[in-house]
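First comes the structure, then the notes that go with it.
The values are calculated or read from the model by the stated rules, or taken from the named source; none is laboratory data. In this text the structure is predicted, and so the values were computed from the model without any measurement. Using ideal geometry, Cβ is built from the backbone for each residue, glycine included, and neighbour counts are taken over all protein chains shown.
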Amino acid sequence: MIISEIENGKKLMLKFIYKEIEYSMLVDIIQKAKDHIIITAILENGITVEPSTMQNIRLLYIVRDGIYTFNKCNLQTTELNKMRSYVMTSDENVEKENRREAYRVFIGEIVKVRVSSINGSKIVTEGILKNISVNGMGVIIKREIKVGSKMSILYNFEGLNIHLLGEVIRAQKVPGRNYFDCGCKFYDSNSLVNRVIMMKQMRAAKKG
């Protein structure tokens, strides 16, 4: 799916980092054209938040049987019928993810991270395992690494050791901090990861 194929009138999830805080906000698609869509703007004290102050902008289009995630989005401020808005473009053509596969669970634990770069160099450093899904994991570390590097973590979940191994597909510096927010895609499916996600889902359902 390309971004202009999203149906008019749909609510979308806009995810971004602003002032070092990660936000997930519902927005409406109010118009679209061949190469872009127009969505409602994010306001702070009645003033439009400028796209230049937002980092890691992503758009999620949730349908009945899955989720389309646009990870490379560009925003420009505009006004449509006196409504403050953003023009959003993306060059991506994304595949639909199964809801279960796209489900991420928060971990937030300190782990030892092993990284092998594409030039063969290796480092071992401390990091935070931010979240995991069936497809991959989010990790925060203090060392800058390149997209394409291999990342390995041994995660202990209630006495169960789980080897997490994947390729870094995103590495962005956290604004104002000496940290890097990395997204990794697992090389292979892992039944133990499925087990962790299922248990987390069941516990969340009980709390709800």
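Can you say whether residue 53 is within 23 Å of residue 140 (Cα to Cα) and among the β-branched types (Val, Ile, Thr), as far as the supplied structure shows?
Yes; evaluated as a whole, the condition is true for this residue.
Under the condition of being closer than 21 Å to residue 26 by Cα and either buried (at least 16 other Cβ atoms within 10 Å of the Cβ) or of a type in the set (Asp, Glu) (or both), which residue from segment 96-114 is modelled with the highest pLDDT?
Among those residues, the one meeting the criterion is 105.
Filter segment 150-201 down to the residues that are small (Gly, Ala, Ser) and surrounded by fewer than 17 Cβ atoms within 10 Å (Cβ to Cβ) and list them by number.
Selection gives 152, 159, 176, 189, 191.
Please pick out the residue among 75, 26, 80 that is touching a residue at least 40 places away in the same chain (Cβ under 8 Å) and either of a type in the set (A, V, I, L, M, F, W, C) or not assigned by TED's automatic domain parsing to the domain that holds residue 132 (or both).
Being touching a residue at least 40 places away in the same chain (Cβ under 8 Å) and either of a type in the set (A, V, I, L, M, F, W, C) or not assigned by TED's automatic domain parsing to the domain that holds residue 132 (or both) holds for just one of 75, 26, 80, which is 80.
Can you tell me which residues in segment 146-176 are of a type in the set (D, E, K, R) and under 19 Å from the mean Cα position of the chain (by Cα)?
146, 150, 167, 170, 173, listed by residue number.
What are the residues in segment 180-208 that are modelled with pLDDT of 85 or more and not hydrophobic (A, V, I, L, M, F, W, C), if any?
181, 183, 185, 187, 188
Tell me the strands (runs of 3 or more DSSP E) entirely within segment 1-69 that contain at least 2 residues that are among the aromatic types (Phe, Trp, Tyr) and surrounded by 18 or more Cβ atoms within 10 Å (Cβ to Cβ).
It comes to 11-18.
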